[in-house]
Amino acid sequence: MGSAITAIGIASVASVRRINDLPMAMLPVLLGAHQLVEAVVWKGERGAVSAGTAEIARETWAFIAFPLLPAFVPLAAVAAQWPLRRGRERVRARFFVLLGLVVAGALGHALASRPVNAEICGNTVRYSVGIPGAPWVIAGYLVATLGSLLLARDRLLRFLGLVCAVGAAVTMRLWFHSFASTWCAVAAVASVIVLWWVRSRRDLPAGAWRHRSGPVSELAR
């Protein structure tokens, strides 16, 4: 599954005409790499790879899942919709980006100071890091990533957010019962939607940022 998702990501990146769309187009690449890394985590828990390789796989998986995605998704959503309309849209964008960076900082600090543990439970892998204030951090994570998509101007990005929100709820429910993880299926569907979104934008003008300063520096003003 990871190879298929990565292939979709490569197709998405290859289909980009506007540099603003590149971060969102790269999301399936990250999701595919995440799945491939988890395959190594499985092997590590079963003793099929060395302890050092298993540790690197666990830490890489945790880095993508925890600090990277909550920072990356809101920024990608801002870039995809740039230039933002003044008013509520810009305020929302600042909120989601700032929240994502705060969550990423908290999770990055946790990863830097605590070991990443993984355990096979039934047909899924459970990870533990020991995150202080975990319920609040998880809530912030979901608001930053899903909120930035659900409140996007673009209808396909909103659809992507809805699919991910439903998928997160279903995956969490099944995870507690140690059923087969559905996250790989959610990642695959999300990647197809991203490819659909990228190709739907082929009629838009090609080129670079409309503002020389770019989304991040403009949002900081």
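Summary of computed values
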| read-out | value |
| --- | --- |
| Index of the failed condition, residue 61 passing every other in (1) in contact with a Gly (Cβ under 9 Å, 6 or more places away or on another chain); (2) surrounded by 16 or more Cβ atoms within 10 Å (Cβ to Cβ) | (1) |
| Members of the stretch 18-28 that are surrounded by fewer than 17 Cβ atoms within 10 Å (Cβ to Cβ) and in contact (Cβ under 8 Å) with a residue 60 or more places away in the chain | 19 |
| Tabulated pairs, the stretch 54-77, first part of a helix (DSSP H, G or I), second among the acidic types (Asp, Glu), C-beta under 6 angstrom, 6+ apart or interchain | 61/38 |
| Top-ranked residue of the stretch 85-113 - restricted to ones that are open to solvent by less than 20 Å² (accessible area, probe 1.4 Å), of a type in the set (A, V, I, L, M) and without any contact (Cβ under 8 Å) to a residue 60 or more places away in the chain, ranked as farthest from residue 26 (Cα to Cα) | 110 |
| Failed item in (1) surrounded by 18 or more Cβ atoms within 10 Å (Cβ to Cβ); (2) part of a helix (DSSP H, G or I); (3) over 17 Å from the mean Cα position of the chain (by Cα); (4) not charged (D, E, K, R), with residue 118 passing the rest | (2) |
| Which numbered condition residue 140 misses (of (1) free of Cβ contacts under 8 Å to residues at least 24 places away in the same chain; (2) more than 24 Å from residue 35 (Cβ to Cβ); (3) buried (at least 18 other Cβ atoms within 10 Å of the Cβ)) | (1) |
| Residue count, the stretch 2-31 (criterion: more than 14 Å from residue 80 (Cβ to Cβ) and of a type in the set (Val, Ile, Thr)) | 5 |
| Residue in the stretch 178-193 that is surrounded by 13 or more Cβ atoms within 10 Å (Cβ to Cβ), assigned to a loop (DSSP other than H, G, I, E, B) and modelled with pLDDT of 80 or more present | no |
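The values are calculated or read from the model by the stated rules, or taken from the named source; none is laboratory data. Not measured: the values here are computed from a predicted model. Cβ: placed from backbone, ideal geometry, glycine included. Neighbour counts: every protein chain shown. Areas reflect the complete protein model, heavy atoms only, side chains present, ligands, DNA and RNA absent. Shrake-Rupley method; radii C 1.70, N 1.55, O 1.52, S 1.80 Å.
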